[in-house]
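Asker: One structure, pasted below without further comment.
The values are calculated or read from the model by the stated rules, or taken from the named source; none is laboratory data. Note that the coordinates shown come from a computational prediction; the quantities given were computed from them, not determined experimentally. Cβ placement follows ideal geometry from the backbone for every residue including glycine, while neighbour counts extend to all protein chains displayed.
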Amino acid sequence: MRETKFIFITGGVLSSLGKGMAAASLGALLKTRGLSVTIQKLDPYINVDPGTMNPSQHGEVFVTDDGAETDLDLGHYERFLGTPLSQKNNYTSGSIYYSVISKERRGDYLGGTVQVIPHITDEIKLAICGLAENKTDVAIIEIGGTVGDIESQPFLEAIRQLRGDLGKDRCLFIHLTLVPYLAAAGEHKTKPTQHSVKELRGIGIHPDIILCRCETPVSRELKRKIALFCDVDEDAVFSSVDVDNIYKLPLEFYEEGLDQKVAIMLRLPARNADLAAWKKLVALLGDLKGSVTIGIVGKYVSLKEAYKSLHEALVHGGLANGVEVVLKYINSEDVAPDTVRDILSGLDGILVPGGFGDRGVEGKIITVGYARENDIPFFGICLGLQCAVIEFARNVAGLGGANSEEFDTEAEHKVIYLMTEWLDHHKNARVKRDKYSDKGGTMRLGAYPCTLKEESIAFSAYGRKQIGERHRHRYEVNNVYRGPLEEAGMFFSGLSPDGELVEIIELPGHPWFLGCQFHPEFKSNPMNPHPLFREFILAAQKYANRAGL
Ligand code: GLN
């Protein structure tokens with residue numbers, strides 16, 4: 001039987017050093033050596049999952065096939081590994097405490113005093129060791145936060161204990177730290193790294209490898225100095241340089257010899273990395289011809305991370321067409337009938353992404369109308385589909401006052417609504433009874449099947465009739481209005497297999513107009529761009545060429 005080896009990645013000095021990217025890139029690199037790899041994120045915050053957090057603060061909520069609402073780093077992991085992850089790949093302090101407290105309430109601890117050590121740390125170890133199933137060769141565990149934070153201490157204590165439990169051959173500690181370049185002094189500075197390692201050693205963790213985030217590669221001499229001060233092997237200090245494209249990082253790490261050192265230290269089978277696919281990808285990145293400009297009209301535009309997977313999926317769509325994708329984030333609250341033309345001019349494609357709540361919705365509806373009337377390629381995702389249905393109902397199907405129940409419970413035509421009767425009939429459907437609010441609603445979460453109609457953009461993109469995509473929403477297209485909308489020219493090209501749920505809409509006659517109730521962006525990766533993004537960018541390219549004539 002194979003024994004799973006664990007690599008723990010901690011961060012020091014600053015947050016945002018790219019621990020997630022480092023974990024994903026190292027994972028990708030180990031995968032090229034023929035190993036099966038998984039990655040887990042342990043987040044120090046108290047929320048049970050990020051589902052309740054505002055994307056403008058915390059970034060996007062990434063959804064897995066099994067319906068887990070997870071940290072956006074899981075999106076990086078999936079895109080770099082090319083394999084789907086699950087609920088097991090993300091735990092928070094909140095979820096760990098929730099489970100310990102539930103056990104305590106059930107009486108599982110037999111009257112004992114429940115404490116951080118050993119109860120919380122045991123629960124963390126259980127979460128980590130849960131990855132050892134499924135013939136995983138290597139599990140990489142990223143500890144969120146920065147060493148020294150109060151919140152992450154139980155996680156660090158748990159991994160310290162695990163090293164003792166499992167032994168040196170099965171556990172490796174990598175510490176990612178900042179090595180700043182001081183222009184005035186003309187040199188890299190190692191002091192912050194020394195302090196951060198000191199802090200880590202103070203809690204009993206002795207790093208095996210130090211990964212130095214730096215603007216330019218750290219010299220051999222400096223690596224030697226860091227090795228000496230931090231008590232690691234001389235060949236265990238690596239540079240993690242800034243890259244202009246994240247997909248270059250695995251090859252950078254390879255050049256540094258990181259995977260080799262990890263393999264030696266963990267006694268992994270000695271195999272060579274097969275880097276052909278990554279080399280091809282990096283070559284393609286350097287060979288993009290021309291560009292298309294896509295406008296993302298949403299409300300979480302103040303933080304780029306809020307649309308992380310979407311951003312990446314659009315870039316992948318560009319890769320599939322050999323073209324650079326320039327993204328313009330537009331605040332839908334600025335879009336009004338008298339500003340729409342100015343704001344949206346110059347775009348080759350318009351995308352209205354998912355979202356919750358009514359702020360900025362009217363601007364999105366105006367945006368859809370502009371794309372529809374001006375034959376601009378349009379892609380609506382989740383709330384984007386819902387806005388497209390509302391716009392079409394109001395302005396084409398003659399259903400004045402059409403709206404979503406989410407925004408107006410008194411609307412005359414609730415073309416989008418809470419489908420409670422569907423839920424009553426489908427008790428086994430994977431929906432999450434709303435654990436956060438008393439709305440009585442439920443969230444349709446995770447992978448659902450969808451059947452495509454032939455003669456549709458969707459079918460020609462996917463090349464097959466049965467697809468499965470990930471969801472995260474409460475509201476659905478109201479079937480009562482399907483007839484009138486169809487009569488007015490809307491095509492329901494993708495439905496749930498029982499025909500009861502609208503999953504995709506299109507407008508035949510428009511060059512490219514598609515809305516989907518699911519989130520295709522979660523399943524795109526650079527080696528395998530998602531078909532809908534590929535086709536959307538192709539349509540934008542055609543539009544750009546046409547406009548250029
Ligand atoms: N707010 C909408 C709903 O809950 C759309 C959600 C989304 O875009 N993810 O149905």
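Asker: Of all residues in the stretch 362-417 being free of Cβ contacts under 8 Å to residues at least 60 places away in the same chain and charged (D, E, K, R), which is farthest from the ligand (Cβ to nearest atom)?
Answerer: For the stretch 362-417, the residue satisfying everything is 373.
Asker: Within the stretch 456-549, considering only helices (runs of 4 or more DSSP H) that don't extend past its boundaries, which have at least 2 residues that are surrounded by 20 or more Cβ atoms within 10 Å (Cβ to Cβ)? Talk me through it step by step, then tell me what you get.
Answerer: Details: elements: 457-462, 482-487, 531-548.
Output list reads 457-462, 531-548.
Asker: Can you list the helices (runs of 4 or more DSSP H) lying wholly within the stretch 1-106 that have 1 or more residues being of a type in the set (Phe, Trp, Tyr)?
Answerer: Numbers: elements: 19-31, 55-58, 73-81, 93-106.
Here the list reads 73-81, 93-106.
Asker: Might you let me know whether the stretch 210-227 holds any residue that is within 23 Å of the chain's Cα centre (by Cα), in contact (Cβ under 8 Å) with a residue 40 or more places away in the chain and not in a strand (DSSP E or B)? Give the steps one after another, and end with the answer.
Answerer: As a first pass, look at the stretch 210-227 and keep what is within 23 Å of the chain's Cα centre (by Cα): 213.
Checking the rest, the ones that are also in contact (Cβ under 8 Å) with a residue 40 or more places away in the chain come to 213.
From what's left, not in a strand (DSSP E or B): none.
No: the stretch 210-227 contains no residue that is within 23 Å of the chain's Cα centre (by Cα), in contact (Cβ under 8 Å) with a residue 40 or more places away in the chain and not in a strand (DSSP E or B).
Asker: Looking at 166, 162, 156, 182, which is the one that is hydrophobic (A, V, I, L, M, F, W, C) and crowded, with 21+ Cβ neighbours inside 10 Å?
Answerer: Numbers: 166 fails: crowded, with 21+ Cβ neighbours inside 10 Å; 162 fails: crowded, with 21+ Cβ neighbours inside 10 Å; 182 fails: crowded, with 21+ Cβ neighbours inside 10 Å.
Within the list 166, 162, 156, 182, the selection yields 156.
Asker: Taking residue 425 and the conditions (1) at pLDDT 95 or above; (2) more than 16 Å from the ligand (Cβ to nearest atom), which numbered condition does it fall short on, given that it satisfies the others?
Answerer: Every condition holds for residue 425 apart from (1).
Asker: Scan the stretch 196-246 for residues that are touching a Lys or Arg at 6+ places or on another chain (Cβ under 7 Å) and within 19 Å of residue 14 (Cα to Cα) and report the count. Break it down stepwise before answering.
Answerer: The first filter runs over the stretch 196-246 and keeps only residues touching a Lys or Arg at 6+ places or on another chain (Cβ under 7 Å), leaving 203-205, 209, 234-237, 240.
Of the ones still in play, those that are also within 19 Å of residue 14 (Cα to Cα) are 203, 205, 209, 237, 240.
Within the stretch 196-246, residues that are touching a Lys or Arg at 6+ places or on another chain (Cβ under 7 Å) and within 19 Å of residue 14 (Cα to Cα) number 5.
Asker: Turning to a different aspect of this structure: Give, as residue ranges, the strands (runs of 3 or more DSSP E) completely inside the stretch 269-361 that count at least 1 residues that are crowded, with 21+ Cβ neighbours inside 10 Å and within 16 Å of the ligand (Cβ to nearest atom).
Answerer: 291-298, 349-352
Asker: Of 235, 231, 208, 244, which residue is closer than 26 Å to residue 312 by Cβ and acidic (Asp, Glu)? First the steps, then the outcome.
Answerer: On the way: 235 fails: closer than 26 Å to residue 312 by Cβ; 231 fails: closer than 26 Å to residue 312 by Cβ; 208 fails: closer than 26 Å to residue 312 by Cβ.
Step by step, each of 235, 231, 208, 244 is checked, and only 244 is closer than 26 Å to residue 312 by Cβ and acidic (Asp, Glu).
Asker: Here is a further query. So residue 468 clears everything in (1) touching a Pro at 6+ places or on another chain (Cβ under 7 Å); (2) within 16 Å of the ligand (Cβ to nearest atom); (3) not basic (Lys, Arg) except one condition, right? Which one?
Answerer: (2)
Asker: Residue 112 passes all but one of (1) of a type in the set (Gly, Ala, Ser); (2) at pLDDT below 95; (3) in a helix (DSSP H, G or I); which number fails?
Answerer: Condition (3) is where residue 112 drops out.
Asker: Go through (1) buried (at least 24 other Cβ atoms within 10 Å of the Cβ); (2) farther than 20 Å from residue 518 by Cβ; (3) hydroxyl-bearing (Ser, Thr, Tyr) and name the single condition residue 70 misses.
Answerer: The failed condition is (2).
Asker: Residues in the stretch 71-106 that are in contact with a Gly (Cβ under 7 Å, 6 or more places away or on another chain) and of a type outside the set (Ser, Thr, Tyr): how many?
Answerer: Kept after step one, since they are in contact with a Gly (Cβ under 7 Å, 6 or more places away or on another chain), are these residues of the stretch 71-106: 72-73, 76-77, 80-81, 88.
Add one more test, that the residue is of a type outside the set (Ser, Thr, Tyr), and what stays is 72-73, 76, 80-81, 88.
Total satisfying the criteria: 6.
Asker: Something else now. For residue 233, work out the one condition from (1) surrounded by fewer than 13 Cβ atoms within 10 Å (Cβ to Cβ); (2) in contact with a strand residue (DSSP E or B) (Cβ under 9 Å, 6 or more places away or on another chain) it doesn't fulfil.
Answerer: It is condition (1) that residue 233 fails.
Asker: Which ones in the stretch 243-267 are within 23 Å of residue 527 (Cβ to Cβ) and outside any helix (DSSP H, G or I)?
Answerer: 243, 244, 245
Asker: Of the residues 455, 487, 506, 476, only one is over 24 Å from residue 349 (Cα atoms) and away from the ligand (no atom under 16 Å from the Cβ); which? Reasoning before the result, please.
Answerer: Numbers: 455 fails: over 24 Å from residue 349 (Cα atoms); 506 fails: over 24 Å from residue 349 (Cα atoms); 476 fails: away from the ligand (no atom under 16 Å from the Cβ).
Among 455, 487, 506, 476, only 487 is over 24 Å from residue 349 (Cα atoms) and away from the ligand (no atom under 16 Å from the Cβ).
Asker: If you don't mind, another one. Just for the stretch 2-34: of the residues that are among the hydroxyl-bearing types (Ser, Thr, Tyr) and within 18 Å of residue 62 (Cβ to Cβ), which one is surrounded by the fewest Cβ atoms within 10 Å (Cβ to Cβ)?
Answerer: Among them, the one singled out is 16.
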